[in-house]
Amino acid sequence: MAIPNKKQKYSYADYLTWDDEERLELIDGEIFNMSPAPSRRHQQVLRELSTAFSVFLRGKDCEVFFAPFDVR
């Protein structure tokens, strides 16, 4: 599927039908282009932060998620 019409409102069900080739996100029914993949340095910093938060939160009722995932 080509990039959907950005002037139309969409639902999460619509979002699930789109190709993964285009990095898009859906916020309040509107489509936004996502940033390009992060740099190596960004990933290194993210790994260190994730490790520090994971150690701090061990045994608590909170979790750290390293990779992005859909949030509804």
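The values are calculated or read from the model by the stated rules, or taken from the named source; none is laboratory data. Fair warning: this is a prediction, and the values are worked out from it, not measured in the lab. A quick note on method: Cβ atoms are made from the backbone with ideal geometry, for glycine too, and the neighbour counts reach across all protein chains shown. In case anyone asks, the SASA skips ligands and DNA or RNA and just uses the protein heavy atoms, side chains included. Shrake-Rupley method; radii C 1.70, N 1.55, O 1.52, S 1.80 Å.
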Tail weight of P(r) past 18 Å, computed on alpha-carbon pairs of the chain, percent: 55
Accessible surface, per residue, of the chain when the full set of protein chains is kept, probe 1.4 Å, Å²: 90
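Run the dipole for the chain about the Cα centre, Lys and Arg Cβ at +1, Asp and Glu Cβ at -1, nothing else charged, and hand back the magnitude in debye, nearest 20.
Details: 10 positive and 12 negative charges, 70 e Å.
Taking the Cα centre of the chain as origin, the dipole is about 340 debye.
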Sparsely packed chymotrypsin sites (Phe, Trp or Tyr not before Pro) within region 31-72, loop by DSSP, other Cβ within 10 Å at most 16: F65, F66, F69
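Could you tell me whether region 21-61 comes out rounded, prolate or oblate from its Cα gyration tensor? Rule is a ≥ b ≥ c as square roots of the eigenvalues, rounded for a/c under 1.5, then prolate if a/b exceeds b/c, otherwise oblate.
On the way: a/c = 4.83, a/b = 1.69, b/c = 2.87.
Oblate.
In deg cm²/dmol, rounded to 500, what helix-only [θ] at 222 nm does the chain give when every DSSP H run of at least 4 residues adds -39500 (n - 2.57) and the total is split over its residues? Let's see the in-between values first.
Values: 2 runs with 22 residues, N = 72.
Only helices count here, giving -9000 deg cm²/dmol.
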Loop-located GluC sites (Glu not before Pro) in region 10-50, at most 15 other Cβ atoms within 10 Å (DSSP): E21, E22
Label-point gap, in nm, between Y15 and T51 - each point 7 angstrom along Cα→Cβ: 3.2
